[in-house]
Amino acid sequence: MNDKRYWIGFNLIKGIGAVRMQALIRHFGDLEVAWKAAPADLAQAGLGLKVIERIVQARESIDLEKLWAKIEAQGIKILTWEDEAYPQRLKEIEQPPPVLYLRGEYLPDDLFAVAIVGTRRVTAYGRQITEELSSFLAANGITVISGLARGVDSIAHQTALRAGGRTIAVLGSGVDKIYPPEHRALAEQMLARGAILSDYAPGTPPDASNFPPRNRIISGLSLAVVVVEAGETSGALITAEFAAEQGREVFAVPGSILAPQSKGTNKLIQNGALPLLSVDDLMQALDLTRVGEHKAARKIIPTDETEARLLSVLGAEPLHVDEIRNQTELPIEKVSAALALMELKGMVRQVGGMNYVALREVQSDYFI
C-alpha cells in the first residue's frame, strides 16, 4: 500500500497537525507503522487520549484504499514533506503543512512567486493596480499567488493568465470544492498554467475557520505579499501578518485616507510595511529583475557524455532502468553507476522499482 495513504489518513484526523505528525514519524519511523500501532504505543509517541481515540475511530471508519482510488480518479496529486516536489519555500516556514492536495502542476520555477491579496469589495483604483501589477509580474516570469476569492484575488489570477503567466490558488476547502462557485471556470483555466492547492482533504467544504490557515500557506509560498486594498478587518491583513512572521517582505498599496478599502493598507504602511508606489519598488527590493539569471542557474548542466545521454531520455514520467539502458544503448553497469551519482547530485530521483525521473530542467547546450 502506498505510504501516502497513511499521510492522508492522519491528515483527516482532527488534532493531527505538523507537530504531532513529526512526533509520529520520529517515534515510529514510518506512518504505516503508526497507523497500525496499538493505543499504548501511540501514547508513548506523546499523543493524548482524545487524539488516540480519534485515530482508533478513523482506522475503523476510513478505507484508505478506496480513498486513495477516489483521489486518483479525481486527478488530485498528493505532496508530503518527503516529496522532492513539495514547495521548497513552504518547507522553510515553521510547521509547514504535512500534506498538500494539488490539481495542476507546481513547478520549480514557481519558487519565484509573489502573492497579491486584498478586499472582495475592490474599487476601480484597486482593480487597476491589481491588473497592472499581476500583468507585469506574469510577463516577467514571476508566478502570481492568491486565494481565488472575489475581488482582488480573482482579478490577480485572471490577469496573470491573460498575460501568459503562471498563477496558483490556495483554497480554504478541498481542491474539488471550488469557492466561490462562480470561479469554477477560472479554476479550470488555471490548471493549464498553474495549480490549485489546499492542505484540506478533498470533500472539505469552505468554512470561515479554514481561511486564516489558508492565508498562512499563501504567504509561505511567496517571496513577498502585496496587499492592494483591505478594510480594517480584511483577511488580507492576516496574510500580511503571517508573511511578516515568516520573514517575507510585505508591501501595501497606499490609498485615500477617506476610502474604507484603503484603511487596512494605510495602517500596514504606518506599522512598517513597504509602500508600493510602482512595480519597480517590488522588483528591486526582491532582486526580481534578475529572475532569468536565477532560473538559468537552477538548470541541470550535465558534466559528461553519459549524464547527457541519460538526461536526454529522462523526464517527469518514471522510466525503468532497463528502458533507460535500451534507449541510451549504454552498458547496464554504466547506467546504474551514473544514475547513483546523479541521484546524489540532485539531478535524478528513483521513485521506486528501479524507475527514475529527472528532477529539474536540463541545460540544452551540452552536445553529445
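The values are calculated or read from the model by the stated rules, or taken from the named source; none is laboratory data. Because the structure is a prediction, the values reported are computed rather than measured. When we count neighbours, we look across all protein chains shown, and the Cβ atoms used for this are built from the backbone with ideal geometry, even at glycine.
Overview of results
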| read-out | value |
| --- | --- |
| All positions within the stretch 183-232 that are under 24 Å from Gly75 (Cβ atoms), more than 12 Å from the chain's Cα centre (by Cα) and of a type in the set (A, V, I, L, M, F, W, C) | Ala185, Leu186, Ala187, Met190, Leu191, Ala192, Ala201 |
| Subset of the stretch 122-176 that is under 22 Å from Gln261 (Cβ atoms) and of a type in the set (D, E, K, R) - its residue that is surrounded by the fewest Cβ atoms within 10 Å (Cβ to Cβ) | Glu132 |
| Residue match in the stretch 323-338 (condition: within 27 Å of the chain's Cα centre (by Cα), of a type outside the set (Ser, Thr, Tyr) and modelled with pLDDT of 90 or more) | no |
| The one condition in (1) of a type in the set (A, V, I, L, M); (2) farther than 24 Å from Lys267 by Cα; (3) out of contact with any Asp or Glu (no Cβ under 7 Å at 6 or more places or on another chain) that Ile238 fails to fulfil | (2) |
| Wholly within the stretch 1-94, helices (runs of 4 or more DSSP H) carrying at least 2 residues that are over 30 Å from Gln246 (Cα atoms) | 31-35, 39-44, 49-61, 64-73 |
| Cross-chain or 6+ apart pairs with Cβ under 9 Å, the stretch 233-248 first and on the phi > 0 side of the Ramachandran plot, then part of a loop (DSSP other than H, G, I, E, B) | Gly247/Glu92; Gly247/Ile93 |
| Which numbered condition Asp109 fails, given (1) of a type outside the set (A, V, I, L, M, F, W, C); (2) more than 30 Å from Ser262 (Cα to Cα); (3) exposed (fewer than 15 other Cβ atoms within 10 Å of the Cβ) | (3) |
| Qualifying strands (runs of 3 or more DSSP E) (wholly inside the stretch 97-193; at least 2 residues being in contact (Cβ under 8 Å) with a residue 60 or more places away in the chain and closer than 18 Å to Ser219 by Cα) | 99-104, 113-117, 143-146 |
